[in-house]
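Below is one structure; the comments refer to it alone.
The values are calculated or read from the model by the stated rules, or taken from the named source; none is laboratory data. Predicted model, so just to flag it, every value in this text is computed and none were measured. Virtual Cβ from ideal backbone geometry, glycine too; neighbours counted across all protein chains shown.
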């Protein structure tokens with residue numbers, strides 16, 4: 001269907017179009033406000049308020065909180081004295097963190113334990129959309145389902161959060177490098193020192 005036919009079908013008028021007869025001018029300038037519940041009159045050119053959809057989208061995005069979980073595990077000896085650390089951010093501001101002493105464990109176990117600490121806390125706070133970042137390629141790919149979990153202890157940990165993961169509307173996993181994960185690394189090392 002040609003554009004002009006669509007315009008006439010939907011009764012669309014353009015600002016730059018010359019109005020030749022008085023009937024068109026009367027329709028545009030004297031549109032009655034009889035729409036139900038004062039709904040906007042779409043296509044009316046006497047409405048000078050213009051909305052930039054990009055600005056509107058930015059406003060909506062700035063009002064939706066963005067939650068980010070970063071995690072890390074440490075093991076001094078691998079296996080050795082181990083600690084887990086996790087930190088939650090809301091719009092880049094730290095809102096929660098924890099360190100946990102794990103006894104003698106492997107580094108992979110500590111990493112897995114750390115992410116579970118953070119996911120459980122996000123669920124407790126009723127966060128529905130979560131981004132998870134960590135510097136363990138193994139844990140990130142196992143969470144994504146790309147790599148199998150073969151270790152018996154790690155399988156037990158992963159099974160423990162399967163129901164928790166269903167509480168989220170959306171959860172994403174991203175691998176980051178260690179230099180971008182300093183706060184979680186600090187918390188994991190603190191965990192190693194919490195021996196009592």
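Assorted remarks:
- Residue 126 falls short on exactly one of the conditions (1) surrounded by 19 or more Cβ atoms within 10 Å (Cβ to Cβ); (2) under 16 Å from residue 68 (Cα atoms), and that condition is (1).
- Per the listing 179, 120, 169, the residue uniquely loosely packed, with under 13 Cβ neighbours inside 10 Å and under 18 Å from the mean Cα position of the chain (by Cα) is 169.
- For the range 73-91, a residue qualifies if it is out of contact with any strand residue (DSSP E or B) (no Cβ under 6 Å at 6 or more places or on another chain), modelled with pLDDT of 95 or more and not in a strand (DSSP E or B), and exactly one does: 91.
Residues checked against (1) without any contact (Cβ under 8 Å) to a residue 40 or more places away in the chain; (2) in the same structural domain as residue 119 (by TED's automatic domain parsing); (3) in a strand (DSSP E or B):
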| position | (1), (2), (3) |
| --- | --- |
| 133 | no, yes, yes |
| 143 | yes, yes, no |
| 158 | no, yes, no |
| 164 | no, yes, no |
| 183 | no, yes, no |
